[in-house]
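Each remark here refers to the structure printed beneath this line.
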Amino acid sequence: MNKFKIIGPSKIEGEIKISGSKNSALPILFSSLLTKEDIKIKNIPNIKDIDITLKLFKKIGVLIKKKKPLILNNQNIKNINLPYKLINKIRASIWLIGPMLIKFKKVKIYTPGGCNIGKRPINLHLYGLKKLGAKIKLKNNFIKIKIKNKKLIPNTIKLPQVSVGATITIIIVATLISGITTIKNSAIEPEIIDTINFLNTLGANIKHKNNTIIISGVKKLHGGIYKIIPDRIETGTYLIGSLISKGKIICYNTNPNLLRYVLKKLKVSGAEIKTGNDFIKLNMHKRPKAINIKTLPYPNFPTDLQPQFTVLNILAKGKSIITENIFPNRFNHVKELIKMGAKIKIKNNQIICKGIQKIFGTTIYAKDLRSAASLIIAACVAYGTTIIKDINFIYRGYENIEKKLNNLGIKIYKI
Ligand code: EPZ
């Protein structure tokens, strides 16, 4: 497995071009399976999760006409039994169910994988599918789904808990079911809205207001061209990195409206922030103030920036509590940060930080995508050399990270 060697402390300083959103590109790619016509998708990030998705697409017969910008044609997809090792690599593979069910009236699929941040149940996806007329048989590690009386039905679905994944699954299936399907208590992350906008470009008829999504089914979708929104989590990761290094950074090709709540918290911690419609400038002169945060569905603080924000709090002035309300086990970074000298303890779903002035380089282990990101920014500001092992997780979600950090003044080497 690859390792990173990072020599600190350095300021994360300069300009960075933000890539397209991983968590928008994935649902949009799977939704594109609903149409038989050519689709052109721009601003897709060049990351591992996309590579795995395209490998999976090729297996089911998707025709990749061009890589950049991506041009796909999905008219000849087949309902084959996909290899476990491919399905199990990414959580997003669950979104295959919708298009396969619509096209072939039945689907058999292994239950998907993803980062190890706690068990990744799919009960809410299955709850939505059943409400739309699907018959589900759960086996030990795969599911068989078919349509009761050969017809999917529109319905009103009140999700018992907010779920990005389940909201997408229901949108994908309901898009082509004639009649009105309403999702209540839906997730409204920007990536969900991006997927809705994408499907509407192809002729779907989907509206959203607060946490309600109304889908009026259409007969079929046509082709189209679409550009993915910027990655708000990549943006937040570099902003937090620059802040804790007392640096100054311009993130361009991004959109400040995607992370208003995060920017507010960074300002409270002492950062000077200026924004335009496609850039965010951050300038930090002093040690950040400790900030309590609670991760919650959008528009609140995103769980995907919790590990990175933990690094801010371990170096901040004062004590702070981070409450992780979304994933039961998103604490893989804590043990590693303690090895660097951080004063942290975990109590139930809370990370209690006591800010210190310095952390020190040592050998640490990445365990999932966002914990890897948090360890990388910690290593940038740590005194001495840090070796981060099992660093391959980072390539799932951060395009060209070594090059981008090198351009921001960081001494980072893959070994
Ligand atoms: C999506 O995961 C994102 N992944 C995650 O990003 C993100 O953290 C998460 O949404 C929350 O914003 C992609 O978009 C590919 P959920 P997803 O369904 O769909 C539980 C990253 O780092 N749940 O909103 O899996 C679930 O276990 C990744 O980029 C059920 O109990 O998130 C979690 O505790 C990590 N049953 C909570 O709900 C279900 O059927 C939220 O999950 C589904 C989810």
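In the set (1) farther than 30 Å from Ala271 by Cα; (2) away from the ligand (no atom under 16 Å from the Cβ); (3) open to solvent by 40 Å² or more (accessible area, probe 1.4 Å), Val62 fails one condition alone, (3). With respect to (1) open to solvent by less than 10 Å² (accessible area, probe 1.4 Å); (2) touching a strand residue (DSSP E or B) at 6+ places or on another chain (Cβ under 6 Å), the lone exception for Pro288 is condition (2). State whether the residues of the range 41-49 include one that is away from the ligand (no atom under 14 Å from the Cβ), surrounded by fewer than 16 Cβ atoms within 10 Å (Cβ to Cβ) and at pLDDT 95 or above. The answer is yes; a qualifying residue exists. Within the range 240-264, residues that are modelled with pLDDT of 95 or more sit with their Cβ atoms under 6 Å from residues that are among the small types (Gly, Ala, Ser), at 6+ positions apart or across chains, in these pairs: Leu243/Ala271; Ile249/Ser242; Leu259/Gly236; Val262/Gly236.
Could you please give the count of residues in the range 178-196 that are more than 16 Å from the ligand (Cβ to nearest atom) and either within 22 Å of the chain's Cα centre (by Cα) or open to solvent by 10 Å² or more (accessible area, probe 1.4 Å) (or both)?
4
Filtered by the rule that a residue be in contact (Cβ under 8 Å) with a residue 40 or more places away in the chain, over 24 Å from Asp390 (Cα atoms) and hydrophobic (A, V, I, L, M, F, W, C), the range 303-355 gives Leu315, Ala316, Cys353.
Checking Ile177, Ile145 one by one, the residue that is farther than 26 Å from Asn392 by Cβ, assigned to a strand (DSSP E or B) and among the β-branched types (Val, Ile, Thr) is Ile145 and no other.
Looking across the range 193-252, the residues that are closer than 16 Å to Leu33 by Cα and basic (Lys, Arg) come down to Lys219, Lys220. Condition check for Ile172 on (1) at pLDDT 95 or above; (2) open to solvent by 60 Å² or more (accessible area, probe 1.4 Å); (3) more than 11 Å from the ligand (Cβ to nearest atom): one failure, at (2). So is Asn210 touching a Phe, Trp or Tyr at 6+ places or on another chain (Cβ under 8 Å), surrounded by fewer than 20 Cβ atoms within 10 Å (Cβ to Cβ) and closer than 28 Å to Leu258 by Cα or not? No; evaluated as a whole, the condition is false for this residue. For a quick check of your reading of the model, give me the residue pairs whose first member lies in the range 115-128 and is more than 6 Å from the ligand (Cβ to nearest atom), whose second is in a helix (DSSP H, G or I) and at pLDDT 90 or above, with beta-carbon atoms closer than 6 Å and at least 6 apart or on different chains. Final answer for the pair search is Gly128/Ala166; Gly128/Thr169; Gly128/Ile170. The single condition from (1) touching a residue at least 60 places away in the same chain (Cβ under 8 Å); (2) over 17 Å from Asn141 (Cα atoms) that Ile97 fails is (2). Annotation: of all residues in the range 386-400 being open to solvent by 10 Å² or more (accessible area, probe 1.4 Å) and farther than 10 Å from Phe4 by Cα, the one that is nearest to the ligand (Cβ to nearest atom) is Arg396. Looking only at residues of the range 10-41 that are of a type outside the set (Lys, Arg) and in a strand (DSSP E or B), we find that the one that is farthest from Ile250 (Cα to Cα) is Ile39. Total residues in the range 306-331 satisfying the condition of being touching a Ser or Thr at 6+ places or on another chain (Cβ under 8 Å) and open to solvent by 30 Å² or more (accessible area, probe 1.4 Å): the figure is 3.
The values are calculated or read from the model by the stated rules, or taken from the named source; none is laboratory data. These figures come from a predicted structure and were not determined experimentally. All Cβ positions, even for glycine, are placed from backbone atoms using ideal geometry, and neighbour counts span all protein chains on display. SASA here: full protein model, heavy atoms, side chains in, ligands and nucleic acids out. Shrake-Rupley method; radii C 1.70, N 1.55, O 1.52, S 1.80 Å.
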